[in-house]
Amino acid sequence: MLSDTWHLFNKYLIISFRTPLWSLFNLIQPLIWLVIFGQLFRNMAQLPGFPEGSYMDFFVPGVLIMTVLFGSSWSGVSLLREITAGSVDKMLVAPISRVSIVLSRVLHSAVQVMIQAFIILIAAALIGTNINPSFFPLLGGLVVILLLGVGFAALSNGFAIMIQREEPLVVIGNLMTLPLMFFSTAMVPQSFMPDWIAVISQFNPINYAVEAVRGTMVGELNASDFFIGLGVVGAFAAVSLMWAVSAFNGLRD
Amino acid sequence: MIHVENLVKVFDAGTRAVDNLNLKIEAGEIFALLGPNGAGKTTTIRILSTLAGFDEGKVEVAGFDMDHAPEEIRKSIGLVAQQTGIDYLLTGRENLALQGQLYHLKKSEIKQRITELAHYFELTDALDQQVMTYSGGMRRKLDIATALIHKPKLLFLDEPTLGLDIKSRKSLWHYIEKLNKELNLTILLTTHYLEEADKLSHRVAIINQGKICAMDTADALKREIGGDSLTLSFADPDAKTHAFANQLQELDYVSNIIWEGERCHIYVNHGAASVPKIAQLAGEQGIDIAELSLSRATLDDVFLRYTGNSLEEKEEETEEWWHKWAGKGGGGKWAKKWQDQNTDGEIQEPDGGWPNSEEEWSQREQKTQSEEATEHKLTTTNTQAWQQDEKQNTDHTEWQKWQDSEKKNETTENETTENADSSNNKDTNNDWKKWQNQSSDNSPPRPNKK
């Protein structure tokens with residue numbers, strides 16, 4: 001199963017390398033947020049109760065997570081294209097486990113968004129964000145990002161199989177992304193939220209992912225935020241993956 | 001190799017896509033499932049290749065039971081689906097290598113198989129180019145090659161030549177026959193091209209609405225229905241002409257009569273001799289014949305007999321009529337033709353009134369394009385042979401010929417009889433034979449029929 005996953009993953013990687021523009025295209029939106037939102041909300045950092053540091057220091061983890069959400073929700077769209085093109089049939093008729101088909105797609109998508117997030121991180125450092133330069137915290141943050149990518153790519157694949165059509169899938173991707181961002185501490189600290197949003201955010205895996213990235217990559221290290229985030233995001237990824245695999249098994253018509 | 005008993009597949013909407021199907025395909029056979037679009041061909045292939053489940057019945061492929069050992073079946077079969085499924089951004093070699101990896105071949109084995117297959121399908125030079133740059137025929141060949149990487153015993157080909165031009169189609173047929181002969185590969189193919197089923201397969205099953213209507217060798221199916229097919233239609237179809245056609249059934253040389261709308265197909269054993277006899281009978285009873293043409297019985301006639309529909313016309317409805325219209329603009333060739341003939345520029349109503357539908361129109365148009373049609377048709381016809389002769393002598397359109405023949409009809413003897421008589425002449429007969437010989441010379445050798 002692992003070697004099948006690797007071979008398929010490898011195929012997707014080659015395809016990505018041959019269409020580099022498509023992969024870079026996905027960076028535009030987070031970069032715009034980074035620059036414009038960062039400028040727009042700059043003065044918020046001076047409000048009483050705002051954590052120490054600049055607004056950019058606070059906001060960059062949110063942008064990183066948003067990159068993951070936007071990027072990985074395309075995975076389902078590409079699955080539908082592969083179904084139409086007949087590639088999926090070709091994989092299904094081969095004597096390989098269905099798990100490896102889902103896993104290779106999801107891993108590819110996650111690695112892709114992880115690389116994108118890393119590029120955003122470098123861009124953020126270039127415009128003066130206080131990035132933590134040590135190796136292990138950076139690695140930890142990337143692992144959280146990777147797992148979150150796995151989780152959302154799996155969700156996107158699962159929805160793709162359920163809905164079977166591209167347009168509503170894109171709509172669902174967008175519908176999911178924005179509320180998940182707003183119901184988290186991506187843009188404002190928890191103390192700034194109305195109570196009901198603060199309550200909802202406690203059930204939002206994105207919230208924990210943002211805090212974990214904040215506790216590792218940017219500003220002050222916070223090990224407990226990281227480990228809690230890692231646990232929540234890991235569980236989220238595992239559940240989504242299982243759901244996607246079961247949806248894939250039902251693909252037999 | 002394949003054993004299917006009472007297979008039933010019901011879709012969610014309640015349609016029985018496959019309805020009580022029984023099949024037994026032996027090792028080494030090329031077997032064709034012939035039927036119109038939506039007949040259940042693809043569904044059957046998807047079930048047999050483990051891609052689709054089924055509701056009732058027993059399926060055994062390559063000696064393994066579908067319910068218990070789908071994984072074993074997957075290892076023994078190769079599938080070439082309608083959608084190619086190869087990755088256009090990868091090179092031919094990468095596509096083949098990936099397929100080899102998915103079938104768990106060793107690295108050295110993959111390398112060797114790629115060389116072999118590329119050589120076999122003459123793709124060696126294109127192997128390191130991205131598939132994007134391949135022609136349609138090359139893509140199809142690469143697709144078949146990827147399906148063969150693990151040396152399967154059984155190959156499924158779902159509409160292998162759909163959308164290919166004639167040249168690529170013939171070349172692909174050549175490969176399919178070669179694979180069967182040289183590698184003793186069992187092949188199950190689906191097609192809605194009569195010629196394909198006739199030329200390639202050892203046995204044919206005619207499938208319509210999920211049911212198999214007839215199954216035998218193509219030759220046996222055609223023999224069963226009678227060797228030649230006469231198509232008869234009337235200038236003014238009414239009860240009288242209908243009765244006339246039906247009474248032909250009583251003649252000892254007529255084996256079968258099938259109505260297709262207003263046209264009557266008469267199956268006879270010696271077509272050339274029957275044409276003048278039938279024309280004479282019509283003359284005696286004062287019946288106006290609009291068309292009386294002779295052709296060898298084709299699989300389409302077999303199809304017509306078992307399903308009540310002609311496969312070729314269905315094909316036209318679904319694929320070709322809009323093609324012609326899109327290509328030539330509204331009004332089509334007919335309107336122009338009639339416009340040309342009237343100096344006033346007024347459009348004259350064609351014989352038999354204006355067509356009711358675009359399909360009907362394009363069907364009529366089809367008749368005049370007999371030269372073009374011969375390329376697609378399974379066998380040529382006597383009618384076409386003399387039409388070609390006629391064309392060399394006169395510039396008449398077929399419509400005019402019909403009109404002429406009717407004028408003569410009224411006075412003395414109808415032209416069809418004359419022409420039919422001439423088809424008795426050795427010359428015309430020779431032409432026909434020549435054409436048939438030619439066509440078989442150009443095409444790859446037929447497989448040895450079982």
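Calculated from DSSP H runs of 4 or more alone, at -39500 (n - 2.57) each and per residue, what is the 222 nm mean residue ellipticity of chain A, nearest 500?
Result for chain A, helices only: -23500 deg cm²/dmol.
Output the pairs from A:LYS90/B:LYS107; A:LYS11/B:LYS107; B:LYS24/B:LYS167; A:LYS11/B:LYS75; B:LYS141/B:LYS178; B:LYS111/B:LYS151 with a Cα-Cα distance over 23 Å in this structure; if there are none, say none. Write down the numbers at each step before the final one.
On the way: A:LYS90/B:LYS107 20 Å; A:LYS11/B:LYS107 16 Å; B:LYS24/B:LYS167 32 Å; A:LYS11/B:LYS75 21 Å; B:LYS141/B:LYS178 13 Å; B:LYS111/B:LYS151 14 Å.
Over 23 Å Cα-Cα: B:LYS24/B:LYS167.
By what distance, in whole Å, do the Cα atoms of segment A:1-46 stretch along each of the three principal axes, largest value first?
On the principal axes, segment A:1-46 reaches 53, 23, 8 Å in Cα extent.
Which of the peptides B:67-80, A:182-195 is most tightly packed, and how do the rest follow, going by the mean number of other Cβ atoms within 10 Å of each residue? It would help to have the intermediate numbers written out before the result.
Details: B:67-80: 19.0, A:182-195: 16.6.
Result, highest mean Cβ count within 10 Å first: B:67-80, A:182-195.
Rg to Rh ratio, segment A:113-209, alpha-carbon atoms and Kirkwood radius?
Here the Rg-to-Rh quotient is 1.02.
Give me P(r) over segment A:50-105, computed from all C-alpha to C-alpha distances, binned every 5 Å, as integer percentages.
Binned Cα distances yield the sequence 4, 15, 16, 15, 11, 9, 8, 7, 6, 5, 3, 1.
Roughly how far apart, in whole Å, are the Cα centres of segment B:1-64 and segment A:45-93?
Computed from Cα coordinates, the inter-centre distance equals 43 Å.
Evaluate segment A:79-118: find the radius of gyration of its Cα atoms, find its Kirkwood radius, and give the ratio Rg to Rh. Spell out each step's value before the answer.
Working: Rg = 12.1 Å, Rh = 11.2 Å.
My calculation puts Rg/Rh at 1.08.
When the scattering of segment B:28-136 is computed by the Debye formula from its Cα atoms alone, each counted once and equally, what is log10 I(q)/I(0) at q = 0.15, 0.18, 0.21, 0.22 Å⁻¹?
For segment B:28-136 at q = 0.15, 0.18, 0.21, 0.22 Å⁻¹, log10 I(q)/I(0) is -0.85, -1.08, -1.20, -1.23.
Percent of alpha carbon pairs in segment B:227-296 separated by more than 17 Å? Before the final figure, lay out each step's value.
Values: 742 of 2415 pairs.
Result: 31 percent of Cα pairs exceed 17 Å.
Evaluate Rg over Rh across segment A:152-253, taking Cα atoms for both radii and Kirkwood's formula for Rh.
On the way: Rg = 15.9 Å, Rh = 15.1 Å.
Here Rg/Rh amounts to 1.05.
Could you check which residue among A:PHE135, A:PHE58, A:PHE227 shows the biggest mean-square fluctuation in a GNM of chain A with a 10 Å Cα cutoff?
The residue with the greatest mean-square fluctuation here is A:PHE135.
Jot down the radius of gyration and Dmax of segment B:136-289, Cα atoms only, both in angstrom.
Rg and Dmax of segment B:136-289, Cα atoms, are 21.3, 68 Å.
Going by average Cβ neighbours within 10 Å, how do the peptides A:83-96, A:158-171 rank, with the highest at the top? Could the numbers behind the result be given before it?
Values: A:83-96: 19.6, A:158-171: 16.3.
Top of the packing list down: A:83-96, A:158-171.
Once you put a point 7 Å from the Cα of A:ASP195 and another 7 Å from the Cα of A:ASN249, both along the Cβ direction, what distance in nm separates them?
4.5
Need one number: buried accessible surface between chains A and B, 1.4 Å probe, both sides summed, DNA, RNA and ligands left out, in Å² to 100.
2500
Express the Stokes-Einstein translational diffusion coefficient of chain A in µm² s⁻¹, to the nearest whole number, given a Kirkwood radius over alpha-carbon pairs, 20 °C and a viscosity of 1.002 mPa s.
Working: Rh = 18.6 Å.
The estimated diffusion coefficient comes to 115 µm²/s.
What order, most packed first, do the peptides B:47-53, B:155-161, A:218-224 have when packing is the mean number of other Cβ atoms within 10 Å of each residue?
The most tightly packed comes first, giving B:155-161, B:47-53, A:218-224.
Quick check on segment B:2-221: what are the equivalent-ellipsoid semi-axes from the Cα gyration tensor, as sqrt(5λ), descending, whole Å? Mind dumping the intermediate values first?
On the way: eigenvalues 165, 78, 51 Å².
Each semi-axis is the square root of five times an eigenvalue, giving 29, 20, 16 Å.
Only Cα pairs within less than 10 Å get springs; with that Gaussian network setup on chain A, which residue of A:TRP22, A:TRP243, A:TRP74 has the largest fluctuation?
Taking springs between Cα atoms under 10 Å, the residue moving most is A:TRP22.
From other protein chains only, count the Cβ atoms within 10 Å of every residue's Cβ in A:92-99, then give the mean.
On the way: counts 5, 14, 11, 12, 6, 1, 0, 0.
Rounded to a whole number, the mean comes out at 6.
The values are calculated or read from the model by the stated rules, or taken from the named source; none is laboratory data. The model shown is predicted, which means the values in this text are computed figures rather than measured ones. Neighbour counts are summed over all protein chains in view; Cβ atoms, including those assigned to glycine, are modelled from backbone coordinates with ideal geometry. Accessible surface areas use protein heavy atoms only, side chains included; no ligands, DNA or RNA. Shrake-Rupley method; radii C 1.70, N 1.55, O 1.52, S 1.80 Å.
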